[in-house]
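What follows is one structure encoded as structure tokens, with my remarks underneath.
The values are calculated or read from the model by the stated rules, or taken from the named source; none is laboratory data. These numbers were taken from a predicted model, which means no experiment stands behind them. Neighbour counts are summed over all protein chains in view; Cβ atoms, including those assigned to glycine, are modelled from backbone coordinates with ideal geometry. These area figures cover heavy atoms from the full protein model, side chains too; ligands, DNA and RNA do not enter into them. Shrake-Rupley method; radii C 1.70, N 1.55, O 1.52, S 1.80 Å.
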Amino acid sequence: MGYRSCVAMAVYGTPQKVDIVDALLLQKLDPEYYKDLFERVKQVHDYEDGERCMLWTFDDIKWYSDLDIYKDDVFSWVDQIVDAEANHERDCTLAVDFVRIGEENTDVEEQFSELTDYRLSISRRIELPTNFEWRT
């Protein structure tokens, strides 16, 4: 099975800039599995102020972007978007929020570009299993 994470990334700004990121991402994704995966988990929302937000959420996925053997895959490229925005290598008209929650309680990664509105956040809650029955 391997180590699994929950991952979310939001890219937001003008509709034109967000659509460019979407198009570039789809060009970069290979093999076909990744294109299908990213399309299935993508949500797009247009706000009244004219801003667009594109959100990708992945539950229970292997996310090994720090390992050299994965350096050319889509996950590494997503990290590059975040890094480029944070380092002013682009024109900073996009904001990027990235959050990854690993299996361990302390394994949390958050990256935000300079223009972020912190649209992604982490919350925790305690739940009982759905098949739980109280003893009387």
(message) Here's a check for you: in the stretch 27-53, which residue that is open to solvent by 100 Å² or more (accessible area, probe 1.4 Å) and assigned to a loop (DSSP other than H, G, I, E, B) is modelled with the highest pLDDT?
(response) Glu48
(message) Can you list residue pairs whose Cβ atoms sit under 7 Å apart, with the first residue in the stretch 9-21 being touching a residue at least 24 places away in the same chain (Cβ under 8 Å) and the second being of a type in the set (Ser, Thr, Tyr) and open to solvent by 10 Å² or more (accessible area, probe 1.4 Å)? Count only pairs 6 or more apart in sequence or on different chains.
(response) Gly13/Thr93; Thr14/Thr93; Lys17/Thr93
(message) So, in the stretch 80-129, exactly how many residues are at pLDDT below 65 and either among the hydrophobic types (A, V, I, L, M, F, W, C) or under 14 Å from the mean Cα position of the chain (by Cα) (or both)?
(response) 5
